[in-house]
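The values are calculated or read from the model by the stated rules, or taken from the named source; none is laboratory data. Quick caveat: nothing in here was measured; it's all calculated off a predicted structure. All Cβ positions, even for glycine, are placed from backbone atoms using ideal geometry, and neighbour counts span all protein chains on display. Please note that ligands, DNA and RNA were not included when accessible areas were found on the heavy atoms of the full protein model with its side chains. Shrake-Rupley method; radii C 1.70, N 1.55, O 1.52, S 1.80 Å.
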Amino acid sequence: MRKIAVLCILACASCVSAQSSEWQASGPYGGAAEIVRVSPQERGTVVAATRNALLFVSRNSGNSWSHLAFPGQLQGVLHALEIDATRVGTWYAGMEGDQTAGVYRTMDGGASWTRLEGMRGKNIWALAIWESDARVIAAGTDEGIYLTTDRGDSWRRISPQGNTELNPVVSLAFHPADRNTLYAGTLRLPWRTQDGGGTWKSIHTGMLDDSDVFSIRVNAKQPDVVFAGACGGVYRSVDQGGLWARLPTPRDSFRVYNVALDPRQTTTVFAATSAGLLKSSNEGAIWRRVSNHAIKSIAFDPAETSRIYFASTDGGLLVSRDGGETLAAINVGFSNRNLTRMSGARRALYAASIYEPESGGVFRSIDLGVTWARAQGTGMPKEENIRHLAASPDNAKSVFAAGTSRLYRSVDGGQSWNAATALGPDISALLALPGGVVLLGLESGLFRSADGGKSWTPLRLSTGSDRVNVLQSSGVAGTTAITASGVFLSDAKGTYWTPCGPLPDGALAYGLALESGAVALAGTSHALFRSTDGCKSWSPVQGGLEWGTVSIVLFHPSRPGEAFAVQNGKTFRSIDSGMTWKPLGDHGRNGLYPSSLWISPDAPERLLGLFPRRGVMWSMWEPRP
């Protein structure tokens, strides 16, 4: 079903005009999710957030997701996300960060956000909305607790200024019928106020000392019953926290990130632990492990009694349609992977992510990103963090992958891998060329293999050893290398190298693209520079571009004169070999920057970009008249 849906999108893309085209998500989907919430008044609307503040919304019960622009994305830690159950489209987000700390509010379903003045600059760890009156909201910070009674327009502190034990506040919960009773979990046990913050009492009797209380839940039908999730396990109190009893969760489930009570059947309790998701049908007396995923957040769908959503750090977004007995991934459109590289050959596309030993690594698509599969086959250690990736342009199943010190090759599309001859640590660049030729950049310089990585020949680019930062192929037009001392030009097979002329004003090069006929474009820290004499001399390009960093540049593989460049995250297109430029449609990237671009000769109208957290995205434009 997913493949059909994406194919339909691709088929319709030719209808989109050049300047109004937009970036479309392609995958590989998944990655770490932190929070999930259901909008009670909008059937099918689910909101999800990542720890690094990427926001997503689904309007079809999680079947697909769309990214939402958010002011704090990738600039801090998002700890809290709550939905106003009485006002459609009103949501709150809590951020920690040097420049982004505070409470954010949207009143139009995430289309726009406002950072609320009363909490600007305060690191927010928790938010709680009183279910009896959504105007009342509590915020837990690293310095105490604040309260608003007007949906965030004004705030006042309700915890003692000098009580260092009552911070940071990482979890909050209101008594369902009494807004003056508020529970607060800290990194040093729980607290409670019963007079709206006038006085606070430490309520830790029965808990292990120094327990981090990550989650507090009050039984809506029996408000005296309170559950807490802590680093020491799951606790239950029947007297509003006066006395706690540790529940008999499995021994390995010592760290409990979240406790959730099924609102339709409050004897059913879920515990998201370091050892997976636990479920109890008798208020925690007996537990069963129903998933091994590392769950961080749980949300019940009020429209479907058996549907529950989960956010996990290793499986992305998940749903259960049978009351939490089984979980299935629902990640189409959601991506939060730490992607490092993209490389393609014909209709094959490869991408690599790091720090995801169980669910990441190398991914492969054989249909230009419509569908993806992990390509972390035998011979590739799952702990290997792949930072460089290069597909052979004349053999889509031949691909090279490297961490910082080891190089691997697969000849079957990633089903199996073999370690290539080691040259030493500090791999800095990797490029595969036709005919089994591989170029490898190291701290000590550039090396070339003509036999698929079995043997290597050092290449001298300059008078001394030079770290190679970038290797880039422009097909038959040639190959380029960027080092600490300059830029260099070679033939299509990387055999013989000559230095280019120095870039003006000491500009640092980030990309160097060639076109047959001695035209070259250099993306640099200062501007885009153009050469018409085989990169011997350079002139700045201003036609449609600004002075400033140009991070990516490439020529179209089959259309003479057509080129692409990225400045300030925006992609520009030229049809006169780089003399003048016009921006492509910018919608869809939502402020994120591509780290690389690629065009397949098999799909010359489609531009593919790697956005390190969002994944591979594509855009299309009108062909030249």
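One residue stands out among those in segment 130-180 that are open to solvent by 40 Å² or more (accessible area, probe 1.4 Å) and hydrophobic (A, V, I, L, M, F, W, C): the one that is farthest from THR193 (Cα to Cα), which is TRP155.
Scanning segment 490-502 for residues that are surrounded by fewer than 22 Cβ atoms within 10 Å (Cβ to Cβ) and of a type outside the set (Lys, Arg) yields ASP491, ALA492, THR495, TYR496, TRP497, THR498, PRO499, GLY501, PRO502. Listed by position, the strands (runs of 3 or more DSSP E) inside segment 496-601 whose residues that are farther than 25 Å from SER485 by Cβ and free of Cβ contacts under 8 Å to residues at least 40 places away in the same chain number at least 3 are 570-574. Considering segment 36-79, the qualifying strands (runs of 3 or more DSSP E), each wholly inside and each with 3 or more residues that are over 12 Å from ALA93 (Cβ atoms) and in contact with a Phe, Trp or Tyr (Cβ under 8 Å, 6 or more places away or on another chain), run over 55-58.
Residues in segment 40-69 that are of a type in the set (Lys, Arg) and farther than 24 Å from PRO357 by Cβ were compared, and the one that is most open to solvent (accessible area, probe 1.4 Å) is ARG43. Considering each residue of segment 225-234 in turn, at least one proves to be modelled with pLDDT of 95 or more and surrounded by fewer than 22 Cβ atoms within 10 Å (Cβ to Cβ). Of everything listed in (1) at pLDDT below 95; (2) surrounded by fewer than 23 Cβ atoms within 10 Å (Cβ to Cβ), the single unmet condition for SER525 is (1). Residues of segment 22-39 that are surrounded by fewer than 21 Cβ atoms within 10 Å (Cβ to Cβ) and at pLDDT below 95: GLU22, GLN24.
The residues listed here are ASP576, ASP602; of these, the one that is open to solvent by 40 Å² or more (accessible area, probe 1.4 Å), of a type in the set (Asp, Glu) and under 21 Å from GLY369 (Cα atoms) is ASP602. Of all residues in segment 204-224, those satisfying the criterion of being touching a Lys or Arg at 6+ places or on another chain (Cβ under 9 Å) and touching a residue at least 40 places away in the same chain (Cβ under 8 Å) are HIS204, GLY206, ASP212, VAL213, PHE214. Could you check, for segment 90-105, whether at least one of its residues is farther than 20 Å from GLN73 by Cα and either under 28 Å from the mean Cα position of the chain (by Cα) or in contact (Cβ under 8 Å) with a residue 60 or more places away in the chain (or both)? Checked against the condition, which is being farther than 20 Å from GLN73 by Cα and either under 28 Å from the mean Cα position of the chain (by Cα) or in contact (Cβ under 8 Å) with a residue 60 or more places away in the chain (or both), segment 90-105 yields no hits at all. The set of residues in segment 244-262 being loosely packed, with under 14 Cβ neighbours inside 10 Å and at pLDDT 95 or above consists of ALA245 alone.
This table checks each residue for (1) touching a residue at least 12 places away in the same chain (Cβ under 8 Å); (2) touching a strand residue (DSSP E or B) at 6+ places or on another chain (Cβ under 6 Å); (3) farther than 22 Å from GLU356 by Cα.
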position	(1), (2), (3)
VAL399	yes, yes, no
ALA420	yes, yes, yes
LEU431	yes, yes, yes
GLY435	yes, no, yes
VAL438	yes, yes, yes
SER444	yes, no, yes
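Report whether or not ALA373 is open to solvent by 30 Å² or more (accessible area, probe 1.4 Å), of a type in the set (A, V, I, L, M, F, W, C) and over 20 Å from ARG467 (Cβ atoms). Answer is yes for this residue.
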